[in-house]
Each structure stands twice: as C-alpha cells, then as structure tokens.
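First comes the structure, then the notes that go with it.
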Amino acid sequence: MTMNIREQIGPGLNQLRAAKRKAYQKFLMQIWRPATAQEYVLVSNMLDESLNALEKNAREWVADAVDLAALKGPAAFALIDEALTAYLMDLREDIERKKFGSGVGTYRSAIDEDRFGEIHRRLERQVDSYRVAFQAIRSNQADHFEAGIGENRRGPKPADWQKAKDAIWGEIYRGDFKPKNQSEIEDALTDFLKDKLGKTREKSTARPYASDIWEEMQREDGI
C-alpha cells in the first residue's frame with residue numbers, strides 16, 4: 001500500500017519539532033528566573049529575548065524541514081506550513097509555562113500579539129521563498145534555479161541559502177549593507193555562497209531569496 005505524503009514526512013517533521021523544541025526549552029531555562037509582575041523591565045527583557053530566540057529557532061526548523069520534505073513535491077509545503085503553525089504554538093506555550101513557573105502571570109506580562117503575528121508572517125514568507133524556488137525547479141527551470149536539492153545534487157542546499165539570507169539580514173540590520181535595489185541583494189547572496197561556503201551560483205538562482213529580503217525591507221520602510 002502506497003503511503004500518502006503525510007505518512008511519508010509527518011514522522012520526520014514531528015521528530016524535528018521535538019528536537020528543536022527541546023533546544024528552545026533548554027534556552028528558556030537559562031534566561032527565565034523568578035520575578036514579580038512589578039519588575040516590568042526584567043519581565044519585558046525576558047519576553048523580548050524569548051521571542052527573538054523563538055524566531056531564530058523556528059527559522060532553523062523551517063530550513064531543516066525543507067531539506068527533509070521538499071523533494072516529496074508541492075504537497076510537502078502545505079504540511080510544512082501546517083507544522084510550522086503548530087510548532088510556533090508549542091514554543092509560545094513554552095514561554096507561558098516559564099512565565100508562570102517564574103511567578104509572572106499573563107495579566108501584566110502578555111506576549112505582544114502583533115509581534116508574535118509578524119514573526120509568524122515572516123516565517124511563512126520564508127517557507128514561500130523555498131516553495132517558489134522548488135516549484136521553479138520542478139517546472140524544468142533548473143538552469144535558472146539550481147538550488148542543489150538533496151545530498152546527490154551539486155550546489156547549495158536550502159539550508160545554505162538560509163545561512164546566506166541570515167548573514168545578509170545581519171549586515172542590513174547592523175547598517176553594514178544598505179542595498180538600493182533587489183539586484184544588489186542577489187549579488188550579496190551569491191557572493192556569500194562563494195566566499196563563505198565555496199559554492200558558486202548564477203545570480204538568477206538567488207532571485208527568490210533576494211525578493212524575500214527586499215519585500216520585507218519595503219514593508220519595514222512603509223513602502
């Protein structure tokens with residue numbers, strides 16, 4: 001009997017969730033300590049640090065999930081989206097548990113819903129950027145989007161592209177890189193792959209990833 005896509009990749013996605021969640025819980029144990037609701041600054045800092053780490057952890061999970069599941073086809077991305085939403089709720093629950101365990105109730109120290117929602121949307125766009133690249137490959141455009149899927153293909157894997165994106169975002173936020181257009185971001189991504197990972201790719205292969213960064217910059221600038 002042929003296994004459906006959920007049966008094929010569901011267990012693997014669940015294993016990834018369990019492993020990454022365990023790492024996140026360990027991080028929370030290190031930063032949360034007993035506090036009263038009156039300690040506004042302390043509680044706010046712990047929440048802020050928790051949410052920053054939540055996004056970083058979830059981004060890593062998405063990259064790992066794509067490496068695991070993308071070769072199964074377009075349906076795999078729907079499951080990744082579904083699993084991402086569930087995973088974010090898991091991590092949010094972990095924050096709530098640590099708050100209560102530290103003696104801090106939700107009434108004076110609630111998670112910023114707008115910020116949590118924006119984190120979720122950024123992660124969904126991360127999944128979408130992978131989806132675009134893989135759909136292009138499956139549409140016989142591998143000459144333009146050679147992303148190097150899987151261990152038996154040459155070139156960068158999805159996780160390599162995510163490393164490049166994270167590095168470029170870091171340069172942008174630090175003010176070290178101020179791109180004037182999407183093309184400059186494409187150059188920066190391919191340069192990173194070449195200089196840091198030793199993987200050379202045509203500029204066009206970076207387009208879906210550069211587009212994700214450029215569009216996010218336009219949103220933050222209110223354009």
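The values are calculated or read from the model by the stated rules, or taken from the named source; none is laboratory data. From a predicted model like this one, the values you see are computed outputs, not experimental measurements. Heads up, the Cβs are rebuilt from the backbone with ideal geometry, glycines too, and the neighbour counts pull from every protein chain shown. Side chains are part of the model used for accessible areas, which takes the heavy atoms of the whole protein and leaves out ligands, DNA and RNA. Shrake-Rupley method; radii C 1.70, N 1.55, O 1.52, S 1.80 Å.
Data overview
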item	result
Candidate set from the stretch 98-124 (those that are assigned to a helix (DSSP H, G or I) and modelled with pLDDT under 85); member that is farthest from Met29 (Cα to Cα)	Phe100
Hits in the stretch 61-77 (condition: open to solvent by 10 Å² or more (accessible area, probe 1.4 Å), in a helix (DSSP H, G or I) and touching a residue at least 60 places away in the same chain (Cβ under 8 Å))	Asp64, Asp67, Leu71, Lys72, Ala75
Which listed residue is out of contact with any strand residue (DSSP E or B) (no Cβ under 6 Å at 6 or more places or on another chain), at pLDDT below 70, under 18 Å from Arg131 (Cα atoms) and assigned to a helix (DSSP H, G or I), from Ala164, Ala210, Ala159	Ala159
Complete set of residues in the stretch 41-60 that are of a type outside the set (D, E, K, R), more than 26 Å from Arg6 (Cβ to Cβ) and either open to solvent by less than 30 Å² (accessible area, probe 1.4 Å) or without any contact (Cβ under 8 Å) to a residue 60 or more places away in the chain (or both)	Val41, Leu42, Val43, Asn45, Met46, Leu47, Ser50, Leu51, Asn52, Ala53
Extreme residue, farthest from Glu124 (Cα to Cα), among residues of the stretch 78-94 that are open to solvent by 40 Å² or more (accessible area, probe 1.4 Å) and among the hydrophobic types (A, V, I, L, M, F, W, C)	Met89
Total residues in the stretch 170-190, condition more than 11 Å from Trp214 (Cβ to Cβ) and open to solvent by 30 Å² or more (accessible area, probe 1.4 Å)	8
